[in-house]
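Structure first, commentary second.
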Amino acid sequence: MERKKWIWKSLAFGKKLISLHRWNAWTILALTITGIVLFTPVMRELGVIRSVIKQAHVIFGIVSILLLLLYLPLLKKHVKQIRRKYAQWINLIIVLFLIIGWSVSGIILWQYRQFPPSWVNGALLWHDILTWIGVPYIIYHSITRLRWVKKQAKRTIIDKVDNLKLQELKNKEIVEVRHQNPPPISRRSFIKISVVSVLLLAIGPYFYRWLKQATDTGGEKLAEYWVNDRNNMLPPPNPQIDSQKVIGGGAKGNFRIYTVTEIPQFDSVGWTFTIGGLVGQSIQYNWNEFLKLPRVVQVSDFHCVTGWSVYQCTWEGITLSDLLDTLSIDKRAKYVKFISGDGVYTDTLTLEQAAMKDVMLAVLLDGKPLPQKLGGPVRLVVPKMYAYKSVKWVQSIELIENEHDGYWEQRGYSKDAWV
Ligand SMILES: Nc1nc2c(c(=O)[nH]1)N[C@H]1C(S)=C(S)[C@@H](COP(=O)(O)O)O[C@H]1N2
Ligand SMILES: [Mo]
């Protein structure tokens, strides 16, 4: 074996291009598959597998950037080579635009802590837009270049040449013959149009739904949650703000509904809220008792680590520290653990963090009962931390001595959740 052949530098220009193209194709396929899994809300139920997929997505992304770096020195010569081939030109520009856009936004999403939330929001929007455009484009690009499709397209041309008894013509000349006598629609165009139509029909409705949500900064989608809410809880009496006069002006943006189980449903009758663990005497409230606890109102922003935010949420609820102050907490207690009524999701705060005045058990959002999808009847809100701390459907709190990693912290999220 000649060892030399394996060294990148010694490869001929054409071989380098072919090899880069193949590597790039596989990498993008891997990024697409892992990306779609990460994007799809129900896939959050995958738990730890999802974190592995997320890491894989980042690694494939880095590979893709390395391939781009290997390609850049070849760019000048490649551009010269395809100067007159318009289809290839356009393809090159689109693919470079996609890869550079995905890389830049991907790095921001990956290193979200180095950037302000508004940048990360923008990066997520671009990452998604490029995917909606790029993945269908690449599917189209791959299908129209399949050997079978090429053969079908060429067949039309050869049939024609047969008729003209010019069997020995070479490719270039065949093209000229076709130009002299163009058919109404070539087999090649027919295949292309079919591929485009199928892609548009298959992806269109999902794209439309996503676009509506992503571009709706006024919370239209949020308004729908209230209309279709299946929360069976009696509404809280005497809200401090009514929905007509929301202090913050109303939430800006949309929540992506996250859950790691089926969305749980509760009823005023059976619902309870328990505080236990290292306290003198544990307490339990039923829904009516819980609603009698004094509530406050705050306006705060809500940031998910994956890059989306909802600004100016007007939350009304019970200040956690007020509730904790009514208890005699054992000296050994160091953490407050929040347990979701979904039976799976948990997270913790230190006692010190739990004493922050804006940490709240929210019952209303923008003057209306918290919809079931957003964690209603009661969710934790920790404005200064990423939203994985904001446990939905909280039903019990435990004071504990030893550190406990929350659901996503066990699956790779940082224990430091400060925004
Ligand atoms: N019970 C429960 N709480 C949860 C989650 C969850 O999956 N289950 N997801 C967390 C994460 S990662 C985020 S970003 C927010 C999302 O809130 P939303 O579903 O109201 O948009 O809820 C947090 N609290
Ligand atoms: Mo999140």
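The loop-placed trypsin sites (Lys or Arg not before Pro) in region 71-134, going by DSSP, that have at most 13 neighbouring Cβ atoms within 10 Å of their Cβ come out as Arg83, Arg84, Lys85.
For Leu199 and Ile283, a Förster radius of 45 Å and the Cβ-Cβ distance give a FRET efficiency of 0.20, rounded to the nearest 0.05. As I understand it, the dipole of the chain uses +1 on the Cβ of Lys and Arg and -1 on the Cβ of Asp and Glu, about the Cα centre. Which of Val381, His404, Ile138 lies farthest toward its positive end? Projecting each Cα onto the dipole axis, the largest value belongs to Ile138. Do any of Lys334/Lys368; Lys212/Lys245; Lys9/Lys151; Lys334/Lys384; Lys292/Lys357; Lys54/Lys76 go past 30 Å between their Cα atoms, and which? Table pairs above 30 Å Cα-Cα are Lys334/Lys368; Lys9/Lys151; Lys54/Lys76. The longest stretch of the chain left intact once loop-based GluC sites (Glu not before Pro) with at most 10 other Cβ atoms within 10 Å are removed from consideration, loops following DSSP, is 3-167.
What net charge is computed for the residues neighbouring Leu70, neighbours being all others with C-beta under 13 Å from the C-beta of Leu70, Lys and Arg scored +1, Asp and Glu -1? Around Leu70, the charge tally is +4. Charged side chains reduced to their Cβ positions (Lys and Arg at +1, Asp and Glu at -1) give the chain a dipole of some 3820 debye around its Cα centre.
Among bridges DSSP assigns within region 232-411, what percent are antiparallel (round to 5)?
If I count the DSSP bridges inside region 232-411, around 85 percent turn out antiparallel.
In this label model, Met43 and Lys292 are separated by 4.9 nm, measuring between points 7 Å along each Cα→Cβ vector. Over all Cα atoms in the chain, the spread is summed up by Rg and Dmax: 28.7, 100 Å. Phi angles across region 355-366 convert, under the Karplus curve 6.51 cos²θ - 1.76 cosθ + 1.60 with θ = phi - 60°, into 3J(HN,Hα) values of 7, 4, 5, 9, 7, 9, 9, 7, 10, 10, 10, 6 Hz, Gly and Pro given as x. Candidates Leu349, Gly47, Leu98 compared by Cα position along the dipole of the chain: farthest toward the positive end lies Leu98, with charges placed on Cβ.
Rule-based calculations on the coordinates, nothing more; no lab input. Because the structure is predicted, anything quoted here is derived from the model rather than measured. Because the Cβ atoms are built from the backbone with ideal geometry, glycine has one as well, and the counts that use them run over all protein chains shown.
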